[in-house]
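Bear in mind that the values in this text are calculations on the coordinates, not laboratory data. Just so it is clear, the structure is predicted and the values come from calculations on it, not from any experiment. No Cβ is skipped: glycine too gets one built from the backbone with ideal geometry, and neighbour counts run over all protein chains shown.
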Amino acid sequence: MARGDEVGWPGPHAVGGAWTHSDMPATGSPTATSVGLTWDAVADAGAYRVEVRPGAQASWTVDDDAITAAAHTVDELTCATAYQVRVRARGSGTTYAANWSEPSAPLTVTTGACAPPVFGETASSVSVAEDSEAGTQVGTVLATVTTGQPVSHALTAGNTGDAWTIDAATGELKLVGTLDYETTPSYSLTVTADAGTGGTAAATVAITVTDVDEPPAFGAASYAFSAAENVASATTLGTVTATDPEGGEAKEEGVS
Ligand SMILES: [Ca+2]
Ligand SMILES: [Ca+2]
């Protein structure tokens, strides 16, 4: 009969000799999202059980209790986080040895550094006509992290007059203000991505505003002039000006 076949060992190591803590000193090889565990095999163990908990949290989670090799990988962990792990052996039955692998404290492993966000494109460019309406979407500037956390996007430079906005979650870049080729013919936006994982990434978007032949604009929306009823004809009462937005010759016309 192998050790562990009997239910309810009276003591930790009563049947068939002792499995001690030091039979299974575990070591871990962490990545950003997993920990590969190995331990010294116990000659007549039927299976092993691995439990894990973040930090010194009170309750353990069974990661697997039917491990037959002296190795196991705990997956889907959070990057840059300390975990405690422990291993326990059982025989061919279902009763585990009373003691866990750790001699005095559970093995503590810290998962690897979180990856900073990575943009699909770190530099892009787009052209948009100056008469485009607010709400026009001009592109998507998106970053992701391999460790899976949601990434937040923000415009951190170049947003003259707050003409542009970016959807923090989806990276959709939209016009919210009005464009004027004659005053601001281009924008150089910086989009910063942050996944809260330590480290940010930046991408630039060069926006070229293209010219539209716009009608001349008056200097004021309305004018008011007054004159006495006996004013001599051809007296200039005031001046109305209109300007060609494209910089053509300004017209000035006297009102009489
Ligand atoms: Ca214009
Ligand atoms: Ca124009």
Taking a crude spin-label model, label points 7 Å out from Cα along the C-beta direction, the GLU172 to GLU246 distance in nm is 3.4 nm
Approximate spin-label separation THR183-ASP40, in nm, with each point projected 7 Å along Cα-to-Cβ: 7.8 nm
So SER59 and TYR223, fully extended at 0.36 nm per residue minus their Cα-Cα distance, gain in nm 51.2 nm
Given the C-alpha centroids of the range 209-241 and the range 142-197, what is the distance between them in whole angstrom? 42 Å
